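A.B. asks: The structure's right below; bear with me while I get my questions together.
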Amino acid sequence: MPTGRVDAIHVAPATGAPPEAVDTVRAVAGRGLEGDRYFAAGGTFADREGSDLTLVERATLDALADEFDLEPGAHRRNVTTSGVDLDWFVGERFRIGDAVCVGTAPCDPCAYLESHLDEPGLRTALDGRGGLRARIAQSGTIRTGDNICSD
């Protein structure tokens, strides 16, 4: 059974706003993370179902560090994880802190991210390792340091 942990949590309060690090966030079923642009049905991809929450692996960000200058949270994923291959959770239920989620699809990189950050080549570098999109099936609190595991 795959397990990992939450290394960081970021929310962006409005479309295009810089992501803000938080230690704790409330994940609300069918809505997203309180304080994030998608919770209020805003954001560039607000009409995309199954994106209540997005995750990315710390190992991916570390691998990009030599080539790209990314500030914490600049990847625009909500949760940074360590110790777990997020691909395990595509189509599966998993627990992150007190919340229960379902992995809906890989979170493929988009042209918006690359242009927003003015980092040419970032989209290609993230291809196949852009993270995970998830639907929140059961509300709960997520904290930095929480475990991530199959439900």
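A.B. asks: When the residues of the range 133-148 are filtered to those that are farther than 19 Å from ASP23 by Cα and in contact with a Ser or Thr (Cβ under 7 Å, 6 or more places away or on another chain), which remaining residue is surrounded by the most Cβ atoms within 10 Å (Cβ to Cβ)?
C.D. replies: Out of the qualifying residues, it is ALA134.
A.B. asks: Enumerate the pairs (first residue in the range 60-78 and over 20 Å from ILE96 (Cα atoms); second residue anywhere and assigned to a loop (DSSP other than H, G, I, E, B)) with beta-carbon separation below 6 Å, excluding pairs fewer than 6 apart on the same chain, so at least 6 apart or on different chains.
C.D. replies: What qualifies is PHE68/GLU119.
A.B. asks: Got a number for residues in the range 90-100 being surrounded by fewer than 16 Cβ atoms within 10 Å (Cβ to Cβ) and in a strand (DSSP E or B)?
C.D. replies: Within the range 90-100, residues that are surrounded by fewer than 16 Cβ atoms within 10 Å (Cβ to Cβ) and in a strand (DSSP E or B) number 2.
A.B. asks: Report every pair of residues separated by at least 6 positions or lying on different chains whose Cβ atoms are under 9 Å apart, first residue within the range 12-28 and on the phi > 0 side of the Ramachandran plot, second not small (Gly, Ala, Ser) and not in a loop (DSSP other than H, G, I, E, B).
C.D. replies: GLY16/HIS116
A.B. asks: On to the next question. Can you tell me which residue in the range 62-87 is nearest to the chain's Cα centre (by Cα), limited to those that are surrounded by fewer than 23 Cβ atoms within 10 Å (Cβ to Cβ) and assigned to a helix (DSSP H, G or I)?
C.D. replies: ASP87
A.B. asks: Next question. Might you let me know whether the range 101-122 holds any residue that is buried (at least 23 other Cβ atoms within 10 Å of the Cβ), at pLDDT 95 or above, not charged (D, E, K, R) and not in a loop (DSSP other than H, G, I, E, B)?
C.D. replies: yes
A.B. asks: From the set of residues in the range 40-61 that are at pLDDT 85 or above and either assigned to a loop (DSSP other than H, G, I, E, B) or not charged (D, E, K, R) (or both), which is surrounded by the most Cβ atoms within 10 Å (Cβ to Cβ)?
C.D. replies: Checked the range 40-61; the qualifying residue surrounded by the most Cβ atoms within 10 Å (Cβ to Cβ) is LEU53.
A.B. asks: Within the range 87-107, which residues are of a type in the set (A, V, I, L, M) and either over 13 Å from VAL28 (Cβ atoms) or in contact with a helix residue (DSSP H, G or I) (Cβ under 6 Å, 6 or more places away or on another chain) (or both)?
C.D. replies: Across the range 87-107, the qualifying residues are VAL90, ILE96, VAL102, ALA105.
The values are calculated or read from the model by the stated rules, or taken from the named source; none is laboratory data. Since the structure is predicted, the reported quantities are computational estimates derived from the model, not experimental observations. Every residue, glycine as well, gets a Cβ built from its backbone with ideal geometry; the counts of neighbours run over all protein chains shown.
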